[in-house]
Amino acid sequence: MSDYTSGNINFTGLGSGTDFQSLIDGLIKLIATYNPNSNSDLIRAAFEYGGLMHFGQYRHSGDPYFTHPFEVAQILADMQRRLR
């Protein structure tokens, strides 16, 4: 389940009490390894918006809906890094 409090979203589906902001920070660092000119503020805003818009939505598994789009972004960023 996700917990929305003052802009912080936690995804228990990604590990007990995983902090959404630390996940975004990790993704931004990964993207910066192959694109140092990436706009970290825009990336952060996009994921915060997505997390907020999907707050309270769950997959049939019970995991928060937004875990999937986030994990896909991680996979694609890692693939891009490996291609460089």
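Every number here is computed from the coordinates shown, using simple stated rules; none is lab data. Please read these numbers as outputs of a predicted model, since none were measured by experiment. No Cβ is skipped: glycine too gets one built from the backbone with ideal geometry, and neighbour counts run over all protein chains shown.
Below, the figures for the structure above:
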quantity	calculated
Gyration tensor verdict on the range 31-84 (Cα atoms; rounded if a/c is under 1.5, prolate if a/b is larger than b/c, oblate otherwise)	oblate
Long-range amide H partners of Tyr65 with built H, under 5 Å	Gln57, Tyr58, Arg59
Proxy reagent accessibility, fewest Cβ within 10 Å first, across Leu27, Leu42, Leu52	Leu42, Leu52, Leu27
